[in-house]
Each structure stands twice: as C-alpha cells, then as structure tokens.
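Q: Below is one structure. I have some questions about it.
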Amino acid sequence: VIGWIATAAMLLGCAQEGELPPNIVLVSLDTLRADRLGAYGSAAGLTPNLDRFAGESIVFEAAFAQASETLFSHASVFTSRYPSELGSLDYDFVLPPSEPTLAEVLAAYGYATAAFTGGGHLHPDFGFNKGFQHYQSDVQWGLLYHAVHSMTDWLDGPPTPGQKFLFVHGYDAHPRYLKPPPFGFLHSDLAAFGPAREAIISPMGTLRVVDGAYFPGAEPAALMGARAAGLLGAEENQTQLSDWDLEQIVGAYDGAVAYVDAWFGLLMAELDQRQMLEDTVIVVMSDHGEELGENGVFNHRYSLSEPVLHVPLMIRLPGGEGGGRMVEETVALLDILPTVLKIVGAEPPALTRGQDLLKERQATPAFSEGPFQSLSARSNQGRLTFEGIDLESPHLPHLLRAAQLEGPAFTWSTELEPEAAVDLRDKLLDWRMSLPLAQESGSTLSPEQRQRLREKGYWEPQ
Amino acid sequence: MIFVLVLLSGCQEPLPHEPEWLHADALRPTWERLDVNRDGKVSQREWGPVSYGAPEFSSVDQDASGDLSLAEFQELVRGIDPDGFDGKRSKLVPESGQERAGADQLEEVLRLRSTLHFLLREVEGIEGVEGLPTPEEVEAACQTMSLGSPESRGVLKKIRAAWLQAGFTFPEGLTWIIEQRGP
C-alpha cells in the first residue's frame, strides 16, 4: 500500500510543480457489476478492454456505491455527500442548487467542463448540468455509443481554453439488456424460444421476471407491489422459468457488458488518437450494479445487496504510470471528488465526506442508502443491511439496536461474525445520526420527465 | 553540455504519435470470439447465432467475400445506432410490412424474420436437403407477426423437415408450437 501511495504522490508531485494540471475524464458505466470484469475476478472474458485499462490503472477492489439508483448515486459522486443530505430519496429529487459539485469546482479552477450523458436520471431536470459548460443528454437512456460520438464531436469542435473535465456516461448494462448484434446474443442463445427470449427482447421484459417466473405485460412496479403484499401467486398470466431460461437472461446482461466494454475500448482509442492519454487522469466507475436473479429479481433499485453496490472503480494516471496496482481497502464512490480535486490542486468543498483515494486513509465502512427505507454498511469483513425501518422515526437508534441481526423480518447480514456485525451496526448508527438530513426535496419534475421515467418502468414519484 | 543537449532536443521534430489503443483492437476480441473455427474470418454460418436484428449479411459483407473481416465488423458495430435497434427508428426497419405493422408491431415482424432466417440458414446449401419454404412463404409468415399462425406453422414444418434431413435436432420449443397448434 505504501508503495503505490508513494508512486502516486511522486507522479502527482510532478504535475504540481509548474506543470499544467491534467485533464480529467470521468467515465460512468451505468449498472455494471464489478464481478463481470476480469480485473475483478471474472473468468468469462467479457471485458478485454476494461481489463487492459485496469493494467494501466490503480484498481480499487472493494469499491461501493452510496446508493442503488443512478439518480442518487451520481448525486453522491458529484458532491461527495450522502444522498439523504441532498434530498429525499424519491423521484422528485433534484440536486440542490446551493450544493457545490465537482464540475463547478473544476470550472472555477479554469477547466473547460463538458458532459456526455445518457439522459434519464442524469437529465438536466435533476440538476446534474450544474457546473458544466456543455451538457449533452438529448438521447434518453443513451449508451456509450451516443456519448462517445458526442464527445468526439465536441473535442473536434471549436477549441476550448483550459484543461478539460469530461464526464462520459452510458446506460449500456441497464435494462433492457439486449444490445445490437452481435452483442445481444453473444452470451445467450438466439434459439432460446419462449419466455426467456421474450424477456430478453421485449422492453422492460427482465423487469417482469420475479421469483423465477415471467409475468408478460405486467407493470414492473405493480409486480413488486404484489410481491411485497404476498400476492404474486395470484397473478394470472405467468410462466415459470427454468434454470436454463434464467441463464439466458443473465447471458443477455453479459452481452450488454461485452458491448459496453467494446465501446469503452473505442472511447480509449478516440482519446489516444487525440494524444490525451499522456496528460489525462481517467477515472472509470459504475454508479451501481445489478441483481441477476439474486433476491429473485433482475434489477437494482429494490435492495442494497452486494451485487448492487459492489462496483468497479479504477484510476488511470497520466501515461498509465504506476498502473496494475490493486487496493484492497474498502472505499466509496464519494471518495472520487476529493481525489480528483487533490490531483488538480483544488480545494474540496467544506462538507466533502470522502477521502483522497491516493493517500493513506482512515479505515471507514462504505455506507449506502436505498429508496425503500434501507441503509447498509460494508466493511472489509462483510455487509450489514437494514430494510423497511422508518428512518424518520425519533426512535431510530432503538429500532436499529433492537433489530435481530440474524432475523428475517427487516434485517439481514452476510458473512459477518456476530461481534463484527454489532460493531458495524454501531458505526452505521453513528454515521446516520450524525448526518444533516435534507429537510425537503427540491423542485418537482416536469410531466415530460415523469413520462420518460414511467416508460422505463420506474414507479411514480412518491 | 546539458544545456546544449536540451537545446538540441528542443529543435527536433516531435515524433509522430503512435496510438497504443486502436479502434480495431477494441473490437478484435469479440470478432475472434465469433470466429468459432479459428480460420481468421467470420463466416455467415458463424454470424447466424448472433445476428438478431442485424442488417442482411450481404450488406455487412461489403466486399462480397462471403466472410466478415475485422474491418467490416468494426464498421458494423460502429454503424448500428442502438436507437434504431430499439425498433423505434428507421435504421433496421424493413421496407415491406412497415406501414401495416406499425411501430409497436414492428418488433414482432423483426423477431419472426430473424428467427425464421436463422433456422433456414442452418440448413441452406446442405446437400440432400429439399423442400425448404420459398422466400415468399417466409415473408408471408413474418407479416402475420405470430409464430403460431397457420402461415408460420407451415413454414416451420418445412424447416423442421429440412433439419431432420440434415440430421439436426430441431428445437423442442418449436416442435411444441407446431404440434400443439397444428393444422
């Protein structure tokens, strides 16, 4: 650990001694699980380009998102604050205008700031365009395909003064998983006739797979409501899926991973073609993962589980120097902002929660929040999650302490020894009680944005 | 001396930039994965199982060599607009059937066409295989937008017979469709 910190400090020291600070490129690969990357242990060969990038980067093996949704997770990344400090975790959430963002700070330090996003929850309606001089989100639920084309158009356009901060984002691994040929059926069987194929091909199809059955035509939100009420069995129109069917659906997700990897490789080629790899820091992350049948769903918004919160996080320093190092310590996505600002020699905002990833750091669990009254803490030893607790209750400390750590009602834990679970629970409680929670949500969404969310299977704003 | 060297190095022409991350390299692993028999090219047969939603092979195989080169593959991946692939835009919209099917039904036509053509490609050109459905029959089946329609079942029956002639095992799911709803 000391070795990579020393190397990173040396490299960054060079940049700070009279040299221009580096360009910054932040790449967000939406919904990408860490365990799909070869760099994170996968043997499936889905991500040759990301694995090559890992060889040129510092790889954070135990990086965790602060939320299970694009909206809240990116809000945390952009501000280094926890989502509930910024607003209620519902779809009326808007990034508070008063909250300084990474782009705003970099713009203040002379950076030309540009974002190329897939829209959806990163639409300007949610406030994410703050600090960006150019913000592209005109393709709804766009992919890296769109972002890379937009980015190259911008880079090849009129020159911009100052170093560049680029935010590049795509929903490639997000439902629906099916991607253009050959990726759509690269890891599943085109001849998979029947419900699995229908789930893969039809919009929102995988959101209609619950507890091993496919519910064609059902509203995903209503389906989850019926499940929560124990009424799922009463749904008339359902088809039981075999293990093989479920494997095909997982294979469709893997095809989407291969697709985003290919486009990530093309993105790197575009940057290299413009000679940007020698003076640019590239951060690659995912805002959250995805449950692929774990907990009975193909989704990410319903639980704070390991597949949803364990995400890739890699930092490539200029020229790929010091690359290939693996960091085992638990880190959080909200550590990105202070790290980037330290690299460029900028002062982080006062309420920054994260720590510099390239310095020796205080061991801290990664805390996460979900939209269904859920909290989670992840240490190096394991994860502890509370779900279905009234987080607004004045009796929250009592509720959390009274919760049975092994009970099925509203808590669960994984691979934690009892003592470690109690310790983690206390840390979670201390953290939560110390948070200055936002009192109210921001403004409401436009009718058009609500409609766009509904079309993608999101529930109505509360 | 050092000063002179620095001066000299400053006068030199900058070396041309040779990118290490190449566009072709980014797609090479996928292309090689498709090349199942490792002969250095992707044939139409190798392309079949992953061709759902793809343009006709002939339009992808630009030099009409019968195979997909890495350059052609690169052109394909970079050229397919994923929006078009969603069935909402024109890129992959077939000329026939569009008006009749409408935007919502278009995907059904595409799906059916992809399925039937995939099944056909498996047996086309195999010696001794006879009685394949005509292109007109296949297109008529596609326009019904249902795998269970009499037209589609008629086509499936012919294809199944061809598969059996070729010694292939016909997909059970399709046999079920033929037998359960048979004429």
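Q: Which of the DSSP-defined H helices in chain A satisfy a minimum axial length of 18 Å, computed from C-alpha atoms, and a minimum mean Kyte-Doolittle hydropathy of -1.0? Walk me through the intermediate numbers first.
A: Numbers: long enough: A:2-16 (21 Å, 1.49); A:243-273 (45 Å, 0.29); A:418-434 (24 Å, -0.54).
Result, helices passing both filters: A:2-16, A:243-273, A:418-434.
Q: Using the beta-carbon distance between A:Met433 and A:Asp35 and R0 = 45 Å, what value does 1/(1 + (r/R0)^6) give for FRET efficiency, to the nearest 0.05? Write down the numbers at each step before the final one.
A: On the way: r = 33 Å, r/R0 = 0.73.
FRET efficiency, A:Met433 to A:Asp35: 0.85.
Q: If amide H atoms are built 1.01 Å from N in the plane of the peptide, which residues on other chains or at least 5 residues away come under 5 Å of the amide H of A:Ser374?
A: Here the answer is A:Gly388, since their amide H atoms fall under 5 Å of that of A:Ser374.
Q: Given labels modelled 7 Å from the Cα in the Cβ direction, how far is it in nm from A:Asn295 to A:Leu231?
A: 2.2
Q: Once both labels are modelled 7 Å past Cα along the beta-carbon direction, what's the A:Thr160-A:Gln133 spacing in nm?
A: 0.6
Q: Using each residue's phi in the range A:199-210, evaluate 6.51 cos²θ - 1.76 cosθ + 1.60 at θ = phi - 60° and report the 3J(HN,Hα) Karplus result to the nearest Hz, with x for Gly and Pro.
A: 3J(HN,Hα) across the range A:199-210, in whole Hz: 4, 5, 7, 6, x, 6, x, 5, 6, 9, 9, 9.
Q: Which residues in the range A:260-278 have a backbone N closer than 11 Å to a point placed 7 Å from the Cα of B:Leu15 along the Cα-to-Cβ line?
A: Counting only backbone N, you get no residues.
Q: Determine, from the Cβ-Cβ distance of B:Thr134 and B:Ala64 and an R0 of 30 Å, the FRET efficiency 1/(1 + (r/R0)^6), rounded to the nearest 0.05. Don't jump to the answer; show the numbers that get you there.
A: Details: r = 24 Å, r/R0 = 0.79.
Step by step, r from the Cβ atoms, then E = 0.80.
Q: How large is ³J(HN,Hα), in whole Hz, for each residue of the range B:25-31 in order, when computed from phi with the Karplus curve 6.51 cos²θ - 1.76 cosθ + 1.60 and θ = phi - 60°, using x for Gly and Pro?
A: 5, 4, 9, 4, x, 5, 4
Q: Continuing with the same structure: How much length is gained if the chain between A:Asp211 and A:Asp90 is pulled fully straight, taking 0.36 nm per residue apart and subtracting their Cα-Cα distance, in nm to one decimal?
A: Details: separation 121, 0.36 × 121 = 43.56 nm, distance 2.53 nm.
Gain on stretching A:Asp211 to A:Asp90: 41.0 nm.
Q: If the reach is capped at under 20 angstrom between alpha carbons, list the lysines near A:Lys456, excluding any in the same chain fewer than eight residues apart.
A: Result set, ordered by chain and number: A:Lys179, B:Lys88.
Q: Going by Cα centres, the range A:101-166 and the range B:30-50 are how many Å apart?
A: Value for the Cα centre distance between the two parts: 37 Å.
Q: Right, next: Which residues in the range A:94-125 place their backbone N less than 14 Å from a point set 7 Å from the Cα of A:Arg274 along the Cα-to-Cβ direction?
A: Taking a point 7 Å out along Cα→Cβ of A:Arg274, the residues of the range A:94-125 whose backbone N falls under 14 Å are A:112-117.
Q: Per-residue mean of other chain beta-carbon atoms within 10 angstrom of the beta-carbon, peptide A:260-272?
A: Values: counts 0, 3, 9, 5, 1, 10, 9, 2, 7, 9, 4, 2, 7.
Partner Cβ neighbours, averaged per residue: 5.
Q: Modelled label-to-label distance, B:Glu32 and A:Asp243, 7 Å Cα→beta-carbon offset: nm?
A: The two pseudo-label positions are separated by 3.2 nm.
Q: First select every other residue whose beta carbon is under 12 angstrom from the beta carbon of A:Leu429; then total the charges, Lys and Arg +1, Asp and Glu -1.
A: Details: positive: A:Arg401, A:Arg425, A:Lys427, A:Arg432; negative: A:Asp423, A:Asp426, A:Asp430.
Summing Lys/Arg as +1 and Asp/Glu as -1 gives +1.
Q: Then there's this: Neighbour counts of other C-beta atoms within 10 Å: give me A:Phe126, B:Phe168 arranged from fewest to most.
A: B:Phe168, A:Phe126
Q: May I ask you to list the lysines whose Cα is less than 21 Å away from that of A:Lys359, ignoring any residue fewer than eight positions away on the same chain?
A: Partners within reach: A:Lys342.
Here, each number is a calculation from the coordinates, and none is a lab measurement. Every value quoted in this text rests on a predicted model; they were computed, and no experiment measured them. In this analysis, Cβ positions are derived from the backbone assuming ideal geometry, glycine residues included, and neighbour counts consider all displayed protein chains.
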